[in-house]
1. Compare the peptides 20-26, 151-157, 89-95, 220-226 by average per-residue count of other Cβ atoms within 10 angstrom and give them in order, highest first.
2. State the label only: which of [x] 13.2; [y] 17.5; [z] 14.7 corresponds to mean projected area of the Cα convex hull in nm² computed from the shown model?
3. About the Cα centre of the range 118-190, how large is the charge dipole given +1 on each Lys and Arg Cβ and -1 on each Asp and Glu Cβ? Please answer in debye to the nearest 20.
4. Rg/Rh for the range 185-256 to two decimals, with Rh computed the Kirkwood way over all alpha-carbon pairs.
5. So how tilted is helix 228-246 from the main axis of the chain? Cα-based, degrees 0 to 90, rounded to 10.
Amino acid sequence: MKIIFAILGLLAAAHASADTCRQQVDQVLKGNFSLAKKASSIAAMENTCNGNEYHLLVLGQLHARAGEYGEAIAMVEGAGKVVEFPEEYAILAASSHGKLGRFDKAETIMQRYLRAHPDSPRAHLLLGEMQLQQKKFDPAVRSFIASIKLKPTPEAYISTARALYIVDNCGEAIVAIEQAASLDKATYGNIDAMVVASRCYASQGKFVVARNLLGVLAENNPRAEQDQQFHQAIAMLERDIRAAEAGGIDSSVPQD
């Protein structure tokens, strides 16, 4: 009986220690100081937190936000077997490997996670992004659609549109962007979404719509005019218009 009470006492102490660690970490996160200061303050809690999952996760996320992806991966690897935050750890590891250009490694991490947790929309979305980076377009579309089926989000629809545009399926790409906009009007200021929509309409000869969409983007996102993708879209649209007019098509007339 004494042994049982001793074990229960140790478990209670461990739980209290974990709660204390999390409270201290959260207090630092709420602080009004730099990312580097937050990271150093949380790193200094090593003795208090003693390998706590939440402590290592937050520290890894701060490293990733600072562009220190190798350090973020080290935090994941140092956590050992993760019990409380498996999805957050998998996404941190995969996204960090992706930022380092290790898209195949990131894909493997997400595939392994999804075998155990197939109902994660975030995991399917990130898997699709890693597949898209490797030009695995059809698998990427399937991953994005899997994410949408679990939880429709503007991000998933926009990613789907990007992949569909690459494989010349502009009809479905436009539908995906319309779905994104129906969920969040901020889509009209999303550079990826509006450039894809503009290019798709231009490919259909609907130059007035294509031009108007770039105007809508500029109105909703002042930073778009400093974006290379935006200027490329304008240049490509002007090229398409010149080619159409050379063929006798009046680009100023709206197309059905």
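Read the figures in this text as sums done on the coordinates, not as results from a lab. Because the structure is predicted, anything quoted here is derived from the model rather than measured. In this analysis, Cβ positions are derived from the backbone assuming ideal geometry, glycine residues included, and neighbour counts consider all displayed protein chains.
1. Most protected by this proxy first, the peptides run 89-95, 151-157, 20-26, 220-226.
2. So the calculated entry is the one marked [y].
3. Values: 8 positive and 8 negative charges, 33 e Å.
Its charge dipole is roughly 160 debye.
4. Numbers: Rg = 12.0 Å, Rh = 12.1 Å.
With Rh from the inverse mean 1/r over Cα pairs, Rg/Rh is 0.99.
5. 20
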